[in-house]
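Report on one structure; see the data block that follows.
Every read-out reported here was derived from the displayed coordinates using simple, explicitly stated rules and does not represent laboratory data. All values derive from a computational prediction rather than experimental measurement. Note that each Cβ is placed from the backbone with ideal geometry, even for glycine, and that neighbours are counted across all protein chains shown.
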Amino acid sequence: MLDTAKIRADFPILATEAYPGVPLIYLDNAASSQKPTAVIEAMDSYYRNHHANVHRGIHRLSEVATNQYEGAREKVARFINAPDSSQVIWLRNATEGFNLVAYTWGRANIQAGDEILLTEMEHHANLVPWQMLAEEKGAILRFIPFKEDSTLDLSDLPNLLTEKTKLFSFTAMSNVFGTVNPTKELVKAGHAVGAVVMVDAAQSVPHMPVDVQDLDCDFLAFSGHKMLGPTGIGVLYGKRELLESMPPFMAGGDMIRRVGLEKSTWNDLPWKFEAGTPSIVEAIGLGAAIDYLTELGMDNIHAYEQFITNYALEALSEVPGLTIYGPPAAQKGGVAAFTIKGVHPHDIAELVDKDGIAIRAGHHCAMPLHKKLGIAATARASFYVHTTTDEVDKLVESLNRVRRIFRL
Amino acid sequence: MLDTAKIRADFPILATEAYPGVPLIYLDNAASSQKPTAVIEAMDSYYRNHHANVHRGIHRLSEVATNQYEGAREKVARFINAPDSSQVIWLRNATEGFNLVAYTWGRANIQAGDEILLTEMEHHANLVPWQMLAEEKGAILRFIPFKEDSTLDLSDLPNLLTEKTKLFSFTAMSNVFGTVNPTKELVKAGHAVGAVVMVDAAQSVPHMPVDVQDLDCDFLAFSGHKMLGPTGIGVLYGKRELLESMPPFMAGGDMIRRVGLEKSTWNDLPWKFEAGTPSIVEAIGLGAAIDYLTELGMDNIHAYEQFITNYALEALSEVPGLTIYGPPAAQKGGVAAFTIKGVHPHDIAELVDKDGIAIRAGHHCAMPLHKKLGIAATARASFYVHTTTDEVDKLVESLNRVRRIFRL
Amino acid sequence: MLDESFYREQIIDLYENPLNHGELDPNDFSYEEDNPLCGDVIRIDVRLDDEQRVAEVAWSGDGCAISQASASLLTEEIKGMTLAEIKAFDKDKLLELIGVPLSMARVKCALLSLKVLKSGAYGIPDKGVMRDEG
Amino acid sequence: MLDESFYREQIIDLYENPLNHGELDPNDFSYEEDNPLCGDVIRIDVRLDDEQRVAEVAWSGDGCAISQASASLLTEEIKGMTLAEIKAFDKDKLLELIGVPLSMARVKCALLSLKVLKSGAYGIPDKGVMRDEG
Ligand SMILES: Cc1ncc(COP(=O)(O)O)c(C=O)c1O
Ligand SMILES: Cc1ncc(COP(=O)(O)O)c(C=O)c1O
């Protein structure tokens, strides 16, 4: 099991106070994670000692910067077991990954009448880019529904996933329910009908071991800021033949081979998809985050989060009037979305904040999911390697006070 | 005049050594600038004390993060005198700005036979996105040539800039020649024929006062990392009516108002163009860089760079066999691109690097410019607020040693 | 350290027993909008008298205690006002009526009702035309 | 602190007096490529003998001292080699021939000639077909 006391000492922000005398309890990790000292210092030290633009420079600083930057790409490749680091494309965030695939692979391959299969539990990032593509091309969006127990209803899959399905994109883990979907099986089902399969790994890569070769997915995207890394960096993994066959996304410096006034040719992978000066320090920071996560061990992290989630679900269920959305802990990552009868989630979040507890309230960028549940918003507590049972207890205590304020 | 000794103390990297016993002389500022302590610490402190995802959160951290992040947007707006901060769109880098406009405004407005006018001195960032757009739409690219003296040849402008010209995009300052183009006059000429005018300000905003209302340009893009700010952040300024009329670029969280399974509606400016978790700390870092630049004063910075460039041009001209590309110092920003007869620019850059001097060699992402000059590459020294005459002298000394090694 | 007085009794009272809650049909203007941050929705329906003053007003919708209390307080306050007065209604006035210190995100909740009201007030011609046609 | 011995005399010698410089026309294969980093271009033309061994080789192009010296050294080295030997030519062997420590960016310069040579060698069938047609 993880040594949370030791881990907490690695996160400077966890020693701060939300309000004078009120220590911070950070339970908003699914929105964005905090950063350990090792990550902050890797970036700080880079700027103090090594910064230069990458790739185009012969001088030593540029060489050092390029080595660190490309070294971070290799760390990512190893972390997700990509066959080669050239299949790791840097993005701003996971969201850019869906847009990149929609604009490049999508516009080149999706035609009128083609179907794109998603699920009803997708984050807007894995929904709206496909809506735009479908509208442009006259393609059809279809959705795998979720059941009462917040898991996907696969009973109708043979009708939803057919030879018309050109793309199948779904989340490995819901950021609201926490549902961990059967990713490998779904990839296989997609391939069986000849679909290209993309995985939204924004919530899975930070919290459990992910092996892209084992999953056999065609594309997979995630964000650095949710996995102890900096903002401004994300990753798209893709199968080589696909990435090579795709037109570039953005154009500019570094992504070209030769440029004439009228025509240009493209650079090799991964640079073909990386136009202009990239997020250099952010890549290096993500590399440091991966070192930190690897040191803890993704299996250990997953096991610890199972434990703390289980603990939280039990503790929360004792709050009168509280409803938790999502499957039981065994099928669930470290998030607990809930409502309390008689108190709007906004009011819950604001009032527990006064106790120093940071949770989120809203639709969590999953409006259709909430619409189907018939609610506008939920409150959501989400956990990570530094979350303690004591913090969960404090949340429960605070929620009980919220109820009292609302005269419940 | 700027107090360079005082300024240099603000840049930790300037106190480092390129090789043991060899202090760093950083003359690659046009590729990417170094960061003052104030910028590094603003980001460091944010991660240690305030990080959270922005916009969607009610808890205090999210509120603080959102305030800092949106506060940085206001700093940018004031810095370039944008009418409103909602016209400041965050990008990864300047390059993304041209791509954003090409994908959104461009695809909605450019038709077969329309003309896009550029210049022969553009960076690939302001060339290749238009090539892709022109190819998709059957539009025609035209180019304002440059003259022997490295300034634009405007004699044929009435034939190049006509009612067929739907878009006119050009650089305010060439990153190779240093030529400062008559931006305001060119914008006016573009508007006179009804063209939309975009300015590449990647090299101007870091080095001189820029006022978008005075220029009256429709779009303007620049990068944070070239103006003492972090990597991973850039800015697109646009006129409100244009930005409002444009479809979104990338889709996902934060850029939407309502999301249904089949259809979504877009958020207000600027968020309509900002999908997913943005580069939060990078925006804050850029805000700190703007504070630093403002404190020095953009007029002072420009005057100092005129001085140091003048000094460098004179000193370099004494090196036998050295040719400088670009106009005289009065029309030129702080870059000096040059070749030495008998030594390839690569060899120059590598050999001066051994003296601790970082300069760049290559096409500087301006292949067509070099092609027209009939050369594959130049060496380029580029200056900033911390560059001293002593550093320039050391460069000249080092170049003379390069000549000796090459038996010249 | 939960400041239990933070949600003034009044807010909770109004949340439990809202003022002017309901819908008016027909009405002289009606407008509905949501806060995309959280999905709060407010609709305000207004009937004017012969002098174009607010004769009747009702609000409906879903939302947090702040946005609901704000809608109650606002609709109570504007009774008898002219359209011009509504258009000039200052947001600080509403925040004052609410009377509790609000964070930025909550200010949006608090002002949603005012935004809806003003959109409706400015939208009258359009709405009118639509009603005439329909 | 400029290490003047860094560019070994040999590199400068070869830069001043390249070996096997020129073009071969006709040839059994010819390939040209650039290093997009810097615009260096190398072209290598090869004529094979009856045993499919390199009989004649010439290179042309523009570039830095490293890429030019590398082309001289490589073309000198492969004379008499079979296609199979060329395809198996190890890049470390070439770096050894160059003999000066190189930074990453310069390793690309140094290996450009080998990349060109191998591309040409692997491309023979295509080239052959094209020549037959033309
Ligand atoms: C004139 C000019 N335009 C555009 C760019 C592109 O900037 P970035 O690579 O930060 O997108 C640069 C810098 O390389 C430049 O000098
Ligand atoms: C499941 C899921 N997908 C995609 C995203 C988008 O991530 P980002 O905002 O970093 O692009 C998120 C996070 O908000 C998420 O939880």
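Take the Cα of B:Asp3, step 7 Å toward its Cβ, do the same at A:Glu70, and the gap between the two points is 4.3 nm.
Please compute the contact order of the stretch B:315-408 in relative form: average sequence separation of alpha-carbon pairs under 8 Å and at least six residues apart, divided by the residue count, as a percent. Present the calculation step by step, with values, prior to reporting the outcome.
Working: 104 pairs, mean separation 29.7, N = 94.
Rounded, it is 32 percent for the stretch B:315-408.
For a quick check, take a GNM of chain A with Cα springs below 10 Å and name the residue from A:Pro23, A:Pro327, A:Pro270 with the largest mean-square fluctuation. For chain A, modelled as a Gaussian network with Cα springs under 10 Å, the answer is A:Pro23. GNM remark for chain A: springs join alpha carbons under 10 Å apart, and the peak mean-square fluctuation among A:Gly97, A:Gly297, A:Gly229 falls on A:Gly297.
Could you pull out the pairs from B:Lys188/B:Lys226; B:Lys6/B:Lys35; C:Lys87/C:Lys115; A:Lys188/A:Lys226; A:Lys372/C:Lys108 whose alpha carbons sit more than 18 Å apart here? Let's see the in-between values first.
Working: B:Lys188/B:Lys226 27 Å; B:Lys6/B:Lys35 15 Å; C:Lys87/C:Lys115 10 Å; A:Lys188/A:Lys226 27 Å; A:Lys372/C:Lys108 25 Å.
Table pairs above 18 Å Cα-Cα are B:Lys188/B:Lys226; A:Lys188/A:Lys226; A:Lys372/C:Lys108.
A DSSP coil position with no more than 11 other Cβ atoms inside 10 Å describes the following GluC sites (Glu not before Pro) in the stretch B:121-226: B:Glu148, B:Glu163.
Here the contact order of chain A, divided by its residue count and restricted to Cα pairs under 8 Å and six or more residues apart, works out to 22 percent.
Less than 5 angstrom separates the built amide H of A:Ile233 from those of A:Gly224, A:His225, all sequence-distant by 5 or more or on a different chain. Coupling constants for the stretch C:22-32 follow from the phi torsions by the Karplus curve (6.51 cos²θ - 1.76 cosθ + 1.60, θ = phi - 60°), and in residue order they are x, 10, 10, 9, x, 8, 8, 8, 8, 8, 9 Hz; glycine and proline get x.
Using a cut-off of 19 Å between Cα atoms, the listed pairs B:Lys341/B:Lys371; B:Lys371/D:Lys91; A:Lys164/A:Lys371; B:Lys166/B:Lys239 include B:Lys371/D:Lys91; A:Lys164/A:Lys371 as exceeding that distance.
In a reduced charge model with +1 at each Lys and Arg Cβ and -1 at each Asp and Glu Cβ, chain A shows a dipole moment near 680 debye about its Cα centre.
Quick one: D:Met81, B:Met1, B:Met43, fewest Cβ neighbours within 10 Å first, how do they rank? Show your work: numbers first, answer last.
On the way: D:Met81 19, B:Met1 7, B:Met43 26.
Placing the least packed residue first, the sequence is B:Met1, D:Met81, B:Met43.
Comment: the Cα-to-Cβ extended label point of A:Ile140, at 7 Å, lies 4.4 nm from its counterparts in the other copies, nearest first. Determine the distance separating the Cα centre of the stretch A:23-41 from the Cα centre of the stretch A:366-389; give it in Å without decimals. What the calculation gives is 18 Å, centre to centre.
Just the Kirkwood number for the protein assembly as shown, please: inverse of mean 1/r across all distinct Cα pairs, in Å, one decimal. Don't jump to the answer; show the numbers that get you there.
On the way: mean 1/r = 0.0320 Å⁻¹.
Taking the inverse mean of 1/r over all distinct Cα pairs, the protein assembly as shown comes out at 31.2 Å.
Among B:Leu399, B:Leu118, sorting on how many other beta-carbon atoms sit within 10 Å of each Cβ, with the fewest leading, yields B:Leu118, B:Leu399.
Could you grab the relative contact order for the stretch D:4-122? Cα pairs under 8 Å, six or more apart, rounded to a whole percent.
Working: 198 pairs, mean separation 34.9, N = 119.
Value for the stretch D:4-122: 29 percent.
When you filter the GluC sites (Glu not before Pro) in the stretch A:273-378 for DSSP loop state and at most 14 other Cβ atoms inside 10 Å of their Cβ, you are left with A:Glu318. Of A:Ala30, A:Ala102, A:Ala52, which has the largest mean-square fluctuation in a 10 Å C-alpha GNM of chain A? Maximum fluctuation in the GNM of chain A, among the listed residues, is at A:Ala52.
Ranked for footprinting exposure by Cβ neighbours inside 10 Å, fewest first, D:Ser60, C:Ser113 give D:Ser60, C:Ser113.
For the residues of A:220-227, the average number of beta carbons from a partner chain within 10 Å of their own beta carbon is 2.
Taking Cα centre as origin and charging only the Cβ of basic (Lys, Arg, +1) and acidic (Asp, Glu, -1) residues, the dipole magnitude of the protein assembly as shown rounds to 80 debye.
What separates the B:Glu163 label point from its copies, with the point 7 Å along Cα to Cβ, is 5.4 nm, written shortest first. Taking θ = phi - 60°, what integer Hz values does the Karplus form 6.51 cos²θ - 1.76 cosθ + 1.60 yield along the stretch A:104-118, in sequence order, with x for Gly and Pro? Rounded to whole hertz, the list is 9, 4, x, 5, 7, 10, 8, 10, 3, x, 5, 10, 10, 9, 10.
How large is the helix-only mean residue ellipticity at 222 nm for chain A, computed as the sum of -39500 (n - 2.57) over DSSP H runs with n ≥ 4, divided by its residue count, in deg cm²/dmol to the nearest 500? Show your work: numbers first, answer last.
Values: 14 runs with 150 residues, N = 408.
Using -39500 (n - 2.57) per qualifying helix, the result is -11000 deg cm²/dmol.
In this structure the amide hydrogen of B:Phe146, modeled in the peptide plane, comes within under 5 Å of the amide hydrogens of B:Glu120, B:Asp153, none closer than 5 places in sequence on its chain.
Over all pairs of different C-alpha atoms, chain A has a mean inverse distance whose reciprocal, the Kirkwood radius, equals 22.2 Å. Note on the stretch B:165-311: dipole from Cβ charges, positive end direction compared against B:Ala202, B:Met255, B:Thr265; the farthest Cα belongs to B:Thr265. When chain A is turned onto chain B, its residue with the beta carbon nearest the axis, and that distance in whole angstrom, is A:Gly232, 2.
Counting, for every residue in A:279-286, the Cβ atoms of other protein chains within 10 Å of its Cβ and taking the mean gives 5. Extension gain, A:Arg107 to A:Glu185, is 25.4 nm, computed as 0.36 nm per intervening residue step minus the present C-alpha separation.
Just to confirm the filter: which GluC sites (Glu not before Pro) across the stretch C:15-52 are DSSP coil and have at most 16 other Cβ within 10 angstrom of their Cβ? Intermediate results must be reported in sequence, preceding the final value.
On the way: sites: C:Glu16, C:Glu23, C:Glu32, C:Glu33, C:Glu51; in loops: C:Glu23, C:Glu51.
Answer by residue number: C:Glu23, C:Glu51.
Rg over Rh for the stretch C:4-122 works out to 0.95, using Cα positions for both radii and the Kirkwood form for Rh. Relative to the other identical copies, A:Arg8 shows label-point distances of 4.7 nm, where the label point lies 7 Å from Cα along the Cβ direction and values run shortest first. Under the simplified labelling scheme, the D:Tyr122-B:Thr323 pair shows an inter-label distance of 3.7 nm, with each label point 7 Å from Cα along Cα→Cβ. A simple spin-label model places pseudo-atoms 7 Å from Cα toward Cβ; at A:Asn159 and B:Thr265 they are separated by 3.2 nm.
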